[in-house]
Amino acid sequence: MTASRRPGPSRGRSNSRQKVVAIQPVPAIRLLAVYGLLCAGLVALAGRLAWLQVVDGANLQARAHAIQTQTTQPIGKRRTIVDRNGRLVALDEQRFSLWAHPRYFNFPGDDPQQVRSADDVATKLAAELALPKSGLLEAMAGRQTGVKLLSELDPETAGRIRQLGISGLDLEPYPHRIYPQGQLFANVVGFLNLERVPQAGLEQSRDGELKRNETTLQMRRGADGTPLPAGLTAGSLYGDDLRLQLTLDARLQQVAQQALVKQVKHWNAKRGAAMVMDVRNGEMLALVSTPTYDPNQYWKYNPGLFREWSVQDLYEPGSTFKPINLALALQEKAIEASGRVSDSGSLQIGGWPIFNHDKRANGLIDFPTVLEVSSNVGMVLAMGKMKPARFWHWLNNLGIDQTPDTDLPGAVAGELKSRGDFTSSAIEPAVAAFGQGFSLTPLKLLQLHAMLANGGRLVSPHITRGLRSGDGLATGPSREGLPMLDPAVTRIVMNWMESVVDKSSGLGMKIPGYRIGGKTGTAQKADRGVYIPGALITSFVGHLPIDDPRYVVLVVVDEPKGGNTFGSTVAAPVARQIIDALLVLERIPPSRPREVQKTAPKA
């Protein structure tokens, strides 16, 4: 009998049945809701896109341009000033202010979110700036941004700070005016104050011309910083390289200043001035005065030094005006070149006594001798041959009481009595004959002596040649000026002035081979019409070369003290040193070469 077997469970099968979820139909309302939501989102996106492209497109484009455009604002640069040979006199150098923003301090390689301490930054800065760390920490203490640490950093120092790469440090560039020649041109160039406002000299009088043409520069840049041509306009990258060229020569200026300072100190004088002019066109080759100041550190000096007294202060020229008066008398034919006067040493004019400076009678003398011995009496007699009205007319015609036509800052007019006062009192034309009773500036006297030297033309003294581009330098202007005197008359007076130098052995102005003319002056100093007891102004004016006059040199020393204070002892030695340098610098050939050969040392 066969036993029956019950089938057992199969291996791998699950003991439980899998549950099957029946698919339920989705309600139509839910599908519609989802569909509506998707459509609404698409409509919103389309509307936003339309808004950005159509309505707000111009605004977005402007914002994009602002991000892509680099704007550079003008920083007020000024043009360079150079002397007649291109030597730098005034220029702008870039300086930097260092600003700190401690809330953004971060070192290269740091996590962008990390903020370094002020102590960390001060440690690095102190090493580069050679400053104590404590001072930097004190400046930043308790402040998160906008801390001005330093000013007047030079480009080299600013470059080292920039190389540190510290976030939170900003270097703000600005121009800084410097004067490489120091005191040498301070009296005519002037200076800018700390706010870059011109305070004196050419910096002030030519302010408009010295400002560079600067415009706000906008340049489009790509994402990598590359300039895009579309952002540039014609001339936007133009560089203003114009420079103001002076007529002054730094070499001659230095010689004149050193000689003048030494002599003013030796005679314990109040002040002094020295000037050199090209008589052909009025160009000034030198204009120095002492005491002066350093425009790089102007705050250390008395503000009274900021004005050039030789073009702004009046004085009575004394005997240096005698050659001009004799030229006027010759022009009027009141005297003849071969004429003579009888000098008795003194005379009375309208009840007033007039003496020679040495109270000595010189007898019957010609006009060259009148200049040589500086005879006051001889001058009164000579000018007395001219009618007072004509004398006044000429003084007025020469512009004694008019402001000179010049580019020198602050030039003023002289003082001359009215026609009525001059002609109604006999003493007025008498004292005017030897350079007193009226006043002018040293600049005006220089201009009048240039007129004698150039054949009677009144040229305008000036110290600038104008703006020049690049390295190009201007040449001197051509002969010009207002004709005043007959050239034949001026030649006679120039020969007389040459005789003063030739016959005055103590003057020290004779130079072998060169024909030089000159005249000393020692005048009483007046203050508001009253002469100051014991106060003198000494001066010397020289012309060279007499055969073809090119230059006039004037030296004025105010209130020298001590004995033997005359134009020949105080002012003439300064003029001699200036003339020696002038002959070399301007390569003036000798008029008598044989004399030079005779005096040359043998090898």
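Points worth noting:
- Considering segment 271-430, its Cα convex hull presents a mean projected area of 11.9 nm².
- Degrees, to the nearest 10: 388-397 long Cα axis against longest axis of the chain: 20
- Axis angle, to the nearest 10 degrees, between helix 250-266 and the longest C-alpha principal axis of the chain: 60 degrees.
- Residue order for 83, 527, fewest other beta carbons within 10 angstrom first, comes to 527, 83.
- Theoretical gain in end-to-end length, residue 141 to residue 397 [0.36 nm per residue, Cα-Cα removed]: 85.0 nm
- 16 Å Cα-Cα reach of residue 503 towards aspartates and glutamates, excluding residues that sit fewer than 8 places from it in its own chain: 366, 372
- Here segment 555-576 and segment 398-429 have alpha carbon centers that stand 26 Å from each other.
- Label point distance in nm, residue 495-residue 424, each placed 7 Å from Cα along Cα→Cβ: 4.3
- Charge sum, other residues only, whose C-beta stays under 13 Å from residue 492's C-beta, Lys/Arg counted +1 and Asp/Glu -1: -2
- Hits among lysines - C-alpha to C-alpha of residue 265 under 17 Å, sequence gap 8 or more where chains match: 561
- Those aspartates and glutamates that a straight Cα-Cα span of less than 17 Å connects to residue 211, excepting residues fewer than 8 apart in one chain: 92, 93, 195, 203, 240, 241
- Averaging 1/r over each pair of different alpha-carbon atoms in segment 492-549 and inverting the result gives 12.8 Å, the Kirkwood hydrodynamic radius.
- Of every Cα-Cα pair in segment 428-518, the percent that sits beyond 17 Å: 67
- C-alpha long axis of helix 155-164 to longest principal axis of the chain, angle in °: 10
- Taking 0.36 nm per residue of separation and subtracting the current Cα-Cα distance, fully stretching the chain between residue 390 and residue 128 would add 86.8 nm.
- A run of the chain free of exposed loop cleavage sites, with trypsin sites (Lys or Arg not before Pro) counted only in DSSP states other than H, G, I, E and B and at most 10 other beta carbons within 10 Å, reaches its longest extent at 20-332.
Every number in this text was worked out from the coordinates using simple rules, so none of it is lab data. What you see is a predicted model; the values in this text were computed from it and never measured. Cβ coordinates were reconstructed from backbone atoms using ideal geometry, including for glycine residues, and neighbour counts include every protein chain displayed.
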